[in-house]
Structure formats: C-alpha cells, structure tokens
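Working notes for the structure below.
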Amino acid sequence: MFLVELTQPVSQVRGVGPAVNRSLGTLGIHTIKDLLTHFPRGYEDRLSPVALKEGKTGKPVNTLVRVIAHDYFGYGRKRTLKVWVEDETARGTLVCFGRNFLAQKLVIGEEFYLYGTFTYRHGELQSGTFDVEKPGDPSQSFGRILPLYPLTEGLSHKVMRKIISYALKMYGKNVEEELPSTLPGAKNFPEKGQALEWIHFPLTFQEMKAARDRFIFEELFFLQLMVGRRSFARKGSQRERRECHGRIMEKVVENLHFTLTKDQERSLAQIREDLAADRPMGRLLQGDVGSGKTLVAFLAATLVIEGGKQVAFMAPTELLARQHADNAAKMLEPLGIRTAFLSGNLQDKNRKPLLSALEEGEVDLLIGTHALFSRDVSFKNLGLSIVDEQHRFGVLQRLALMEKGKQPDLLLMTATPIPRTLTLTLFGDLDVSTIKTMPPGRLPVETHLTRHGNESKVYNWIREELDRGRQAYFVYPLIQRSEKSRLKDAEGMYHHLSETVFPDYRLGLIHSRLKEENKRKIMEAFVQGRIQLLVSTSVVEVGVDVANATCMVIEHAERFGLSALHQLRGRVGRGKQKSFAFLLYTEPMTDEARQRIMIMKDTSDGFKIAEKDLKIRGPGDLAGKQQSGFLRLQIADLIRDYHVLLKAREDAFSLVEKDPGLLSPDNRGLRHVLTCCPPFEESFLAGV
Ligand code: ADP
Ligand code: MG
C-alpha cells in the first residue's frame, strides 16, 4: 500500500500555510505525494563555473566575482544602484532595479558568487536578473544544481524548493518501491526513494539523469500495463452475437435533410459489423473538424439501443456535451429513444432521479462530461461507450467509463490525428475508421492574416457579413485583463466592441468562468441568432456547431497552438455560405508562432496540420508534460522517449501474459500497483 501519510493533505508539510496551499492547489498538488512527484521542469547549473566573459553569448553565467565600484543612475524614486564587478576574464555591471539595499551587501573589494544572465550593450556587459551570495553563507544556492519547478502565482522557486525539501526529509523514507524488481527494463535504476531525492536535489547531473530515466520508465511501464491489460482482456473475451436490425437508424437517416457521405457510410458499416461480432468493439473514429463524426456516433448508438442496451456519450466540455444532448433529443426522442444529460453542475435534486432512472434502465442514451464516470453513476446495462474528442481525456478516464459496463463496446472519436507509430503503441488493439471527405457543398474557409494595428479593416469586413445576416466569433487568449501582459482580453474587448465598434449589433460574451447556466443561455442565443457576434475565449474551441456563423476572428493568433487554431477555424465553414477566418497577430513573434500562422494560411487539412505541428514542436522539452496533445503524462514524452516506451511495453506485456491473474478485479497486487502509480487517478480505481 502507498503509506497513508503520503496521501495526507499537503498542508501538513512544514512551510505550507493557507496561501501556499491555495497556490499548490491550482497546480493540482493536493497531497504530500503530489508534492513529491511535482518534478522539476529544468535545472540551473550552479555547479560548473562559467567565466564572466561567456555572458556575451547570452547563456547564464555562474562565477566568482570581485566588487570594484558602486554607481547610481536616475533620480528620486527611480534612483538605481549599479555595481561594477569583475573576474579574471571580464568586467560587468549589475543593475539593481528595486534592490538598492544590495549596496550594503556588495561591499567593494569583496568576492561573491554570482549567477545571472547578461546582455552586451554599448560595450558593457550588463545584468538586471542575477543572484548573489557571499561564500560561506548558509543559504546554499551556489555550488549546486538548483531545480526549477512549474510555478503559479504566489509561488516562487525558493518556496517550492523549501517545502519539497522538507517533504522529502519528513516523508521521503516512506516511499515504497513499486516497480517489480524483476523487470529487465528496470534493472539498473535507483530505488524510488533515492530517485526522488535525486530528481529534486541532484548533486550531479548523472544523478539527475538516472532519476529522470527511472521515473520516465515507471510512468510508461504503468501506462503500458493498462494498455496490455485492456488488450489481453479484449482478445480473450467472448460474448453473444448481437442482432442489429437498424430500424431506428433507417428512420433517423430518412429524417435527415441530407444524405450520408461515403466515408460516413463506410465507418458506420464497420462499426455495425463490430457491434454484431462476438467480441467487444474497440474503434477509433478519426475525421477532420466538421466531417460529421457526431452523426455517425448517434447512429451507432441507435443500433445498440435497439438491442436493448444503454449508451454513454462523453464530451470534454459542458458546452459541447450540452449541444450533443440537445441534438440527440431533437433527433432521437421522437423515435422513442430516452436521452438524458449529466454534468458535474447538475443539482442534487435533478441528479438523484436521473441516476436512479439510469440504474433502472429508463434512460437509453446518457450524454455528459467526465461526470459520467463519477462513482455514483451506474448503468443497468451499458452496451456502448462513446468518447468525443478523446484526446481531451486521460487514457484512464476513458478506461473508467468502460469499466461501467460488462465489456461495453468502445467508440473513440478524434479530430486530432495521432501519428501512426504512437497509434500502434497506445491503441494497438483498436481498429481505426477514417472520415476523409467533408459533407458536400462546403466551401473552404478563406484565411487572412492581419497584423494588429489594422484591426479596423477586419472589423469593417465583419460588419458587412453581419449585415448579410451572418454571425461571427471573436476569440481572445485571456478572459480578463492581466497586470502582467498586454494581451487583449475577452471581457475588455467585449466592452470595447459593443460600445465603440459594433454599437448597433447584438453581442454576447462567453468564457469558462461564467456559470454553466449563463453559458447555456448565451450559446442558445447564438444558435438562435439573437446574438450576432460572440466574444469568447477558446471555450468554443471544441465541437461547437453553428452553421450560420461564417466569421472567425482570432486576436493574438500567435498565442494559440496549431491544433487550437485549426479547431477554432473549424467552427466556421459549416454551412453553405462562404466563410472567413482572420488571424490577427502582434509582432514581435517567435519563429514557431510565425510558422504556425503560415501553416494555417496554407493548409486546411487537419491531418497535415497535425503532422507539421509535431515537427515544429519537435521532441518536446524536459518537462514532458502535455506536448503530445492527446495523452497527459507527467514526465515522459511519447516522442522523445519512444525507445523507452517500447521497452516498457515489452516488460508490461510479458508481465500481463505471465500473470493473467493481474486481470482479475480482486487482484490486490494490481490494486496496489495502481494506487501507487502516479499518473492514475482515483476515479479509475472505482472500476478496478
Ligand atoms: P465533427 O464532430 O466531425 O467535427 P460534426 O459532427 O459537428 O463534425 O458535424 C458538422 C456539421 O455537419 C453538423 O451540423 C452536421 O449536422 C453536419 N453534417 C454531418 N453529416 C453531414 C452530411 N452527410 N451532409 C451534410 N451535413 C452533414
Ligand atoms: Mg465533433
């Protein structure tokens, strides 16, 4: 068992007061274990000295300097201390903005350790961001490797280092080894407790690397253990063949005011075959934004419901889930299918009756957010789990949904294609259907790049579109103005646009901090055309489907990732009218941002965009978090660590094969492994 202490609240750690506790919470750190596994995103090398003159190259300098003079510039409150320092190789100045008190510490003639980044300007090597320490001082931030952590407001590296070091001292010895020592891949790793020390406070870079390698392997091993279990379970499972008449399906199709595309038909035929087979379906349905995946999923659902079973349909945002639920109700209720909507925001008085109806089998199709796999949700007879925008969910969340039934069929949908190598590794046991062709009559979205400063041209264009009866989205990177950045924000721009630019039009504002009830009303008004121009954040990124909206304006497009840009653009071009996307950008931009925007201009094919995205982002940085976009890992990176993934897979699969007992739900050993394993959420265990 994971020792109880480690699952205690992080507030028990010395140095974690209410304010720090709150900040840790926003980083997702709630328990002592979370804190111990909050791994550094990088390190500052204060071990190896670098001569001061190297500062000219722009890389950080770590050296011993002598103070030679003090100097001041500016007047009044702006009066600022400038300290001249030198080592054997160069002279430089330290500009002490807001730190004039350093005059007392940096005594002329004395020596100090210095760590800082310099710029070379007007023949002078100058630093405004630096750290100094007197040799022999107890503070110990020199002569070592310093961890740099993912931070948030209210937390500094200093505080983070302090509390993690306390936590390690107090609880580090309670950390138990969880990797089976017999694994060939895990042979030369340091023990877990040791590795934790080394990853946070390594004495050498070898220690750091050994520790990181270990945690990367561990994460991938447990991931593959899950994949292996699933794969093994499906292969070995048999079930009765099912009859799928498809009478309801035919009616739904009859009622449509369009016909299915060839690819939709083919995907549906494949799904239908799976559903009738004698082992559970595991299928990934990929298709670009707007290709009509939802309809295929609904039709698949009718097949299962007709066979007397229930269907769960999970979407990543409440907005999207609600939209699906509304559509399902319109399309399927008249044919006798009982649909329902569930989200975490549902009040108890509505939730309770819904859950008991579900358990009684009085709901056929339950649509909702991740609330679907909460502990208290149980189905009478779950036959099919559908997961929309599957890359938005953790692997475990998807698995948790499956565990709600007896080997339900599984249909995953995605508009973010997964590179082939990774598909094989992560979803090796899934079959894939692809929708390539778009519904007929769609015109490609015309994409324009516009530099900030020329907004008025774009705004005028939009005005004309609104006058033609169309609607528009305006998307911003921030909800509210922030002290720290000059980016435009949705709230501020909503006021500016409604008061100054579009005073005669009906505008709405939507973002994630609004109450769900308000979000729903606003979306409804937009769908019905009562709102003409919707100011928003990326909450509208996934799935939202309003055919009359023909304009997508993304301000600060340089701030959005490629897949977000592609998804956002996918919100328009859904009707018969010509649609437009305007990407407004601000200079200066990073090279990557420029490439992203150019790709958006040149390409509309989601598969090509995904490939290019991977190329630009390359193998990812040290932190490994999230870059893969479709799987949230803590330290491993599926692309960078691909060879480790293969090794971990081999070990995990042979373990599963040797010990099929691992598969049984009451296997305590596995339960232990899963409880200990960092990336696996509690919610999953509900199903194990
Ligand atoms: P995706 O989820 O694949 O991004 P959606 O399921 O949101 O796409 O579908 C986009 C829109 O296209 C929806 O309004 C849907 O009703 C419509 N649609 C789906 N299939 C067809 C079709 N065969 N012909 C015309 N329109 C279609
Ligand atoms: Mg969709």
Q: Could you please find all residues in the range 465-476 being assigned to a loop (DSSP other than H, G, I, E, B) and crowded, with 20+ Cβ neighbours inside 10 Å?
A: ARG470, TYR476
Q: For the range 158-190, name all the residues that are farther than 17 Å from LEU220 by Cα and assigned to a loop (DSSP other than H, G, I, E, B).
A: VAL175, GLU176
Q.
So, in the range 322-331, how many residues would count as being crowded, with 18+ Cβ neighbours inside 10 Å and away from ligand 1 (no atom under 13 Å from the Cβ)?
A. 2
Q: May I ask you to list pairs of residues, at least six apart or on different chains, whose Cβ atoms are under 6 Å apart, with the first in the range 155-182 being under 21 Å from GLN12 (Cβ atoms) and the second being of a type in the set (Ser, Thr, Tyr) and outside any helix (DSSP H, G or I)?
A: MET160/TYR149
Q) Does any residue of the range 106-126 turn out to be assigned to a loop (DSSP other than H, G, I, E, B), among the β-branched types (Val, Ile, Thr) and in the same structural domain as THR93 (by TED's automatic domain parsing)? A) yes
Q) Which one of these is in contact with a Pro (Cβ under 8 Å, 6 or more places away or on another chain), over 29 Å from PHE607 (Cβ atoms) and open to solvent by less than 30 Å² (accessible area, probe 1.4 Å): LEU497, LEU487, LEU507, LEU533? A) LEU487
Q: Would you please name the residue that is nearest to the chain's Cα centre (by Cα), looking only at residues in the range 280-313 that are within 13 Å of ligand 2 (Cβ to nearest atom) and farther than 25 Å from LEU562 by Cβ?
A: PHE313
Q. Would you call SER181 polar (S, T, N, Q) and surrounded by fewer than 14 Cβ atoms within 10 Å (Cβ to Cβ)?
A. yes
Q: Considering only the range 195-235, state which residues are in contact with a helix residue (DSSP H, G or I) (Cβ under 8 Å, 6 or more places away or on another chain), open to solvent by 50 Å² or more (accessible area, probe 1.4 Å) and without any contact (Cβ under 8 Å) to a residue 60 or more places away in the chain.
A: GLU197, TRP198
Q) How many of the residues in the range 379-408 are modelled with pLDDT of 75 or more, in a loop (DSSP other than H, G, I, E, B) and either among the basic types (Lys, Arg) or buried (at least 24 other Cβ atoms within 10 Å of the Cβ) (or both)? A) 3
Q.
When you check ALA321 against the structure, is it over 23 Å from ALA276 (Cβ atoms) and modelled with pLDDT of 95 or more, yes or no?
A. no
**Q.** Residue selected from the range 332-358 under the condition under 28 Å from the mean Cα position of the chain (by Cα) and open to solvent by 50 Å² or more (accessible area, probe 1.4 Å), by the criterion farthest from MET249 (Cα to Cα)
**A.** GLN347
Q. How many residues does the range 248-267 hold that are part of a helix (DSSP H, G or I) and within 16 Å of ligand 2 (Cβ to nearest atom)?
A. 3
Q. Is at least one residue of the range 288-305 open to solvent by 40 Å² or more (accessible area, probe 1.4 Å), away from ligand 1 (no atom under 14 Å from the Cβ) and modelled with pLDDT of 95 or more?
A. no
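For every residue, the table says whether it meets (1) charged (D, E, K, R); (2) at pLDDT 95 or above.
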position	(1), (2)
GLU483	yes, no
LYS488	yes, no
TYR494	no, yes
LEU507	no, yes
SER512	no, no
VAL540	no, no
GLY543	no, no
VAL546	no, no
CYS551	no, yes
(Q) Can you find, within the range 237-247, the residue that is nearest to ligand 2 (Cβ to nearest atom) among those that are open to solvent by less than 30 Å² (accessible area, probe 1.4 Å) and either among the hydrophobic types (A, V, I, L, M, F, W, C) or out of contact with any Ser or Thr (no Cβ under 9 Å at 6 or more places or on another chain) (or both)? (A) CYS244
Q) Which residues, taken from the range 6-22, are β-branched (Val, Ile, Thr) and either at pLDDT 90 or above or under 18 Å from THR152 (Cβ atoms) (or both)? A) VAL10, VAL13, VAL16, VAL20
Q: Quick one: count up the residues across the range 203-215 that are in a helix (DSSP H, G or I) and in contact with a Leu (Cβ under 9 Å, 6 or more places away or on another chain).
A: 5
Q | Listing of strands (runs of 3 or more DSSP E) fully contained in the range 32-93 that carry 1 or more residues being under 37 Å from the mean Cα position of the chain (by Cα) and either among the charged types (D, E, K, R) or at pLDDT 90 or above (or both) | A | 42-45, 61-73
Q | Sole exception among (1) open to solvent by less than 10 Å² (accessible area, probe 1.4 Å); (2) more than 30 Å from LYS33 (Cβ to Cβ); (3) at pLDDT 80 or above for THR603, by number | A | (1)
Q. Of all residues in the range 494-522, which are of a type in the set (Asp, Glu) and within 24 Å of the chain's Cα centre (by Cα)?
A. GLU516
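The values are calculated or read from the model by the stated rules, or taken from the named source; none is laboratory data. Because the structure is predicted, anything quoted here is derived from the model rather than measured. Virtual Cβ from ideal backbone geometry, glycine too; neighbours counted across all protein chains shown. The area values use the complete protein model at the heavy-atom level, side chains included, leaving out ligands, DNA and RNA. Shrake-Rupley method; radii C 1.70, N 1.55, O 1.52, S 1.80 Å.
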